[in-house]
Structures are given as C-alpha cells and as structure tokens.
C-alpha cells in the first residue's frame, strides 16, 4: 500500500512517506517536521538535508489557508481524457506551508477568487483512489 | 586565460514533422553552423548533445556524433529540460576555459512528432515531481497559467495585454523562414482562440516541434583564425528553483532573476546596456515575467513595454526578433541554441528585415520547466 492509489493518475508506488496516504485515509492531510532543526516539509520528506538526519515528526495541516493562484485546465495530458475541466491551485496555510493540488469541483467558477479562504481536505476518488483537495471555507 | 567565442551558428527548420531521423535533423543545423568557417568536423574535439529525448532513440549523443563525423572525440548528453542547449554552451565554455578542449560543438535537438500532443503533455508533466505534482494532471500551460493568474491578480493586467506579446512575436515570426508559424496574428485571433488552461488560450502557448540547433564554440585565439566575426561569450548565469509548493513568488521566476544577476556581474554590464534580447516566451506571460526578471522593466510594469512598443525593433529593447518560441515552435533541447543563433546573427548584423542596427551586446534568457531552471547568456560583438 502506498502511492499507487494517490491522485488521479499515479506514477510511483513506493515511498518512505507512504504513511501520508494512510493518514489521508484517516481523514488527515499531514506534513513532516525535522525534530532537530524544526524545518517543515510539504511535500513531506523523510530526510532533512540540512541536518543529514531522518528524525521527522508528522503534523496535521488543519489551519485555514488562502488561494494564491489557480488555473482551470481544459486540455489534460494522456490519462486525463474525459476528466477535464479540472482546477489546479496553490494554497498557503497557517502552518506556513504552501500546497499544490486540485480545487474542489463544488466551487462554482465564478466564485473562485485569488485570496479566498481554503481548507485542505482528504477526498475519495473513483476506483478506490484517494487524494486531497482544496475546499472553500 | 583565453576568452571563448561562438564562431558558428545554425538551426534546422522548426516544424510539426521533420520527416527525418534525429541525426539527419541535426545535420541541417550543423551544416549551417560550419559553413564559412576555416575548419572541419575533425577539428571539433568534443561535442555536447542537448536533448530531453522525446524520440525513441535513447542516449542520442552516440548516434548524432557518429553521423556528423565527430567520433572518436568525446560526446555527452546534457539534459536541462527546455534550457538544455544554453546549459550546453556553459559546459562548452568550461571545457575550453579549463584547457580540456579547444573547439566544441553544442548540438540541441528534439523530435516530438512521433508522439501525440497528449502524450507529450504527459511526458512533460512527468518532468515535474511524479509523486506530488503529476498525479493532479499538471501540464506546462497549467504551470504558467498559475503564474499568469497570480500576476493578473497582483498587477491588474488584462488578457489583451498578454495577447499583445503574441501579436509582436507573430509579426517577427512571419519574417523568419525557419519558424513553424509564419503568419502575423491579430488580437482577435489570439483572444478568440480556445482556452487551454485559463487564462491562457491556444495562441498564448507555444507548440511542440521538431528541430535542431548548433553552436560551434572555440578558444579565442582559434576563433580569431577560423571565423570572420567571432561573437564573445561574456556572461553566463544559471540557477534552479523548487517544485510549485516551494515557490516564494508566483509573479516572478526566482531562478531567472538569479541567473540574470550572475550573467550581468560576469559581463560587467547592466540591463540598460543590452541592445537586443531573446527571452523564453513559451507562453505570453513568460515574456512579461522575463522583462521584469531581467531588469528591462520594474515589477508590474512588464506589460507596459509591449503596450508602448518598446520591445519591437526601434524600441528601447527589442525582444524576440525571430518570433520567439511562440512562432518558431519549441523543440525542447534545440530552443536555447536557436535563441543564441538569433543573437549571434543580430550581433554580426546578418538578421535582415528584423536587424537591430548597430547591436553590440545581446542577451539570451532560456528557462527550463515552469521556472525550474534558467540560463542567462550575454554575448558581445
């Protein structure tokens, strides 16, 4: 179990941060933090290149965020036929972390505004896949 | 230590289908670069092949160097996404400065017509983080569209101002016999084209293409003997940046600013000294970001340069006088070499209709990925 079911189309299966996917299934979006220097990592890393240590703790990203930017994609790559349009976005969260991902399809196009409030929430996708997405606060 | 000069430049026609093997494609650029030089292939003591390998051929350096009679001298493949051949020039410069080699061929190539547009989009998407970015359907246009959206939100520019970049570049593309698209486009053509990734439309985006480019780079003393007009490499800057979650800014490319700073320092000049520039206009927004990252305009004022016609020939700083990637098409590994070819020809005063009269200092800004890598090169007559 790992990244083979993460996102719409996955290209990797194994990673030392596969617990990220397990946490998603438990309803949490998590990042890692180096226990020595305190640097936070998203995407989560299992190793801290500053300290050359692999002593990380997980923490949940549950604070509010805001939308930094987005795009509505009408022409997707191979593997995304029939899945357009979808909206890619970057959110910045209270934990001091930026996250790249999909914006919820529940938000009407006219309601999407740079600066709007966001939460990042795990979501189930068809075919037993799992992901996270940004939802409006 | 001896200086380093570009003595020969060439490129193939850029097209949506070259009907040739990669080696045959490279010959077209090599032939143009070697013509008029007092030298032969056997004087080239190393070759650097620059490609992201969208063709079935793996390790293209073996096949290309054999076809061009560059064996048994060493050959290497440099991969740096869309700025591979600028990176190749930097490596060639280092080879020559170190004394390891005297004359180096930098050959950029990409053959993309063997794949569908969706397949290329998928392969390019895997140049991003395949664990954390590709699974969402990330594409090149989407990456720059997010920059465009953030930029428009911060500075209030319009889609029409973005389109004016394509109007300018299509005007020069119409004069470039080696460009894929040689038709001047109107604002209405561009604004009426279908949306690819909002706010970017089809004509805000460059197209995949087949193409090759070639630079012959030589040690200064040799350059003076074999070339009528050597063009000197005086500034080389390069930098990198993180994936999208780590970006400090979405309204400028940090790696481009850093590469520009290095190149200006090395050349001992500032942006106001540049007579003609080629910038990486993979998307219209990218040219506006480039104006600002290179110091041609202040942050937020890039679009005004196009509005005022300052980046046309005759303006304050003519940019993309060959039509840019938007007109030429973008054969990934060949693009930097094609940009450098244009500046070399401008500095030799060989650029015909779009010549910038008396140009002495030229600049090339070549970006890889969505601001993942950038090389800035400064050349001087």
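Nothing in this text is a laboratory measurement; each read-out follows from the coordinates by a stated rule. In this text, all values refer to a predicted model and were calculated from it rather than measured experimentally. Here the Cβ positions follow ideal geometry from the backbone for every residue, glycine too, while neighbour counts run over all protein chains shown.
Overview of results
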quantity	calculated
Two-site label geometry, residue B:350 and residue B:308: point separation in nm, points 7 Å out along Cα→Cβ	3.4 nm
Computed lengthening from residue B:202 to residue B:272, 0.36 nm per intervening residue step minus Cα-Cα distance	21.9 nm
Rel. contact order, % - alpha carbon contacts under 8 angstrom, at least six apart, chain B	26 percent
Residue exposure sequence - B:68, B:162, A:53 - by fewest surrounding Cβ within 10 Å	A:53, B:68, B:162
Added length on full extension, which subtracts the Cα-Cα distance from 0.36 nm per residue, residue A:130 to residue A:108	5.7 nm
Cα-based helix-to-principal-axis angle, B:159-173 vs chain B, degrees rounded to 10	30 degrees
Shape box of segment B:194-257 [Cα atoms, principal axes, largest first, Å]	52, 30, 15
Scaled radius of gyration (Cα, divided by 2.2 N^0.38 Å) that segment B:7-137 gives	1.13
Highest-fluctuation residue, B:245, B:15, B:338 considered, GNM on chain B with Cα pairs under 10 Å	B:245
Rounded to 10°, Cα long-axis angle of helix B:22-34 versus longest principal axis of chain B	70 degrees
Cα convex hull of chain B, projected area averaged across orientations, nm²	16.6 nm²
Volume per residue of the C-alpha convex hull in the protein assembly as shown, rounded to whole Å³	148 Å³
Chain lengthening between residue B:59 and residue B:261 when straightened (0.36 nm per residue, less Cα-Cα)	69.4 nm
Likely footprinting exposure, B:182, B:58, B:149, fewest C-beta neighbours within 10 Å first	B:58, B:182, B:149
Cubic angstrom per residue, convex hull over Cα atoms of chain A	118 Å³
Kirkwood hydrodynamic radius of segment A:1-50, from inverse mean 1/r over distinct Cα pairs, in Å	11.7 Å
Antiparallel DSSP beta bridges within segment A:3-136, percent to nearest 5	90 percent
Rounded tilt (10° steps) of B:335-347 against the dominant C-alpha axis of chain B	70 degrees
B:123, A:56 arranged by Cβ crowding within 10 Å, fewest neighbours leading	B:123, A:56
Ellipsoid equivalent to segment B:228-381 - semi-axes via the Cα gyration tensor, in Å	23, 17, 15
Pairwise FRET efficiency - residue B:119 versus residue B:160, Cβ, R0 = 30 Å, nearest 0.05	0.35
Nearest-0.05 FRET efficiency for residue B:183 and residue A:78, computed from C-beta distance (R0 45 Å)	0.95
Cβ-derived FRET efficiency at R0 60 Å, residue B:301 paired with residue A:4, nearest 0.05	0.80
Residue-averaged [θ]222 nm for chain A, counting only DSSP H segments that reach four residues, each worth -39500 (n - 2.57)	-1500 deg cm²/dmol
